[in-house]
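Worksheet: one structure, shown below.
The values are calculated or read from the model by the stated rules, or taken from the named source; none is laboratory data. Here the structure is a predicted model, which is why all the values come from computation and not from measurement. Reconstructed Cβ throughout: ideal geometry from the backbone, glycine too, with neighbour counts over all protein chains shown.
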Amino acid sequence: MIRRLEHFGALTAEDRAILSEFCADPFAVGARTEIAQDGARPTGAFVLLDGMACRSKLRADGTRQILAYLVPGDFCDLDGALLDRRDHAIAALSSCRVARIGFDAIRDLTAARSALIPLMRRASLVDDAILREWLINLGSRSAIERIAHLFLELLMRLRAVGLARADGYDLPASQVDLADSTGLSTVHVNRTLQELKRRGLIEMRSRILQIRNVPGLTSLSGFDPRYLAPGPTVGR
């Protein structure tokens, strides 16, 4: 969480100490386990400390739409105090460590450390910008552009918190997860991944994604990282 907020502005030593205290008692969540239930009354916000999770909605016919991927440092339900019921589920894709912060504690924190408010707000605005890009992904981009854009987005977000390695990162999302987040069938996702490999743009082994040609993938997808700003730029 500290590294994520520092992406949006400077933190004092006291800010870091207080934030560390809030995350001092995390709990473990197993892979493919629900963190927060759709329809439940929010009682606090969650901060993902390790692992990867997702937001999703389940339709009456059992089909699922993944709405967002969550990476370490991301807040979940920060505005949940304003809601009577949560309108989506949050689930772990990999083994995760999660901290829960009560809404009263969040109010006390922002009252005592008002400089944190704009940083938390900017983090929320980036979440909104990501959602808009996902809408464009679903409505306007081709299959190969959707997957390429998603892979670059995750690369940039994980770079920002120091979890990308040489243009590669752990990707616990299955082909079913990728299908549910891009509006494609699993067969189409598989074919698209094979095509990206054939072009020499990516390599996937044991849930590790290696982007072999960042400029090439950027050109293919039309990826512009400014919606994730402030932060590093894609390419070399």
_Single unsatisfied condition, ASP77 versus (1) of a type in the set (Asp, Glu); (2) without any contact (Cβ under 8 Å) to a residue 60 or more places away in the chain; (3) at negative phi_ = (3)
*asked:* So if I check each of THR33, THR43, THR12, which one is assigned by TED's automatic domain parsing to the domain that holds PRO72, over 21 Å from the mean Cα position of the chain (by Cα), within 20 Å of ASP77 (Cβ to Cβ) and of a type in the set (S, T, N, Q)?
replied: THR43
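This table checks each residue for (1) at pLDDT 95 or above; (2) surrounded by 15 or more Cβ atoms within 10 Å (Cβ to Cβ); (3) closer than 21 Å to LEU131 by Cα; (4) not aliphatic (A, V, I, L, M).
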| site | (1), (2), (3), (4) |
| --- | --- |
| ASP15 | no, yes, no, yes |
| GLU21 | no, no, no, yes |
| ALA28 | yes, no, no, no |
| ARG32 | yes, no, no, yes |
| ALA36 | no, yes, yes, no |
| ARG59 | no, no, yes, yes |
| HIS88 | no, yes, yes, yes |
_Answer residue from the range 90-110, given it is of a type in the set (Gly, Ala, Ser) and modelled with pLDDT of 90 or more and is nearest to ALA24 (Cα to Cα) among those_ = ALA99
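Output the strands (runs of 3 or more DSSP E) that fall wholly within the range 1-90 and possess 2 or more residues being in contact with a Gly (Cβ under 9 Å, 6 or more places away or on another chain) and among the hydrophobic types (A, V, I, L, M, F, W, C), or say none. Steps first, please.
On the way: elements: 27-29, 34-36, 44-50, 53-58, 64-70.
Correct list: 44-50.
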*Name the pairs: first residue in the range 176-197 and closer than 17 Å to ARG55 by Cα and outside the structural domain of GLN65 (by TED's automatic domain parsing), second residue buried (at least 16 other Cβ atoms within 10 Å of the Cβ) and at pLDDT 95 or above, Cβ to Cβ under 6 Å, at least 6 apart or on different chains?*
LEU178/VAL189; ALA179/VAL189; ASP180/ARG64; ASP180/ILE66; SER181/ILE66; THR182/ARG146
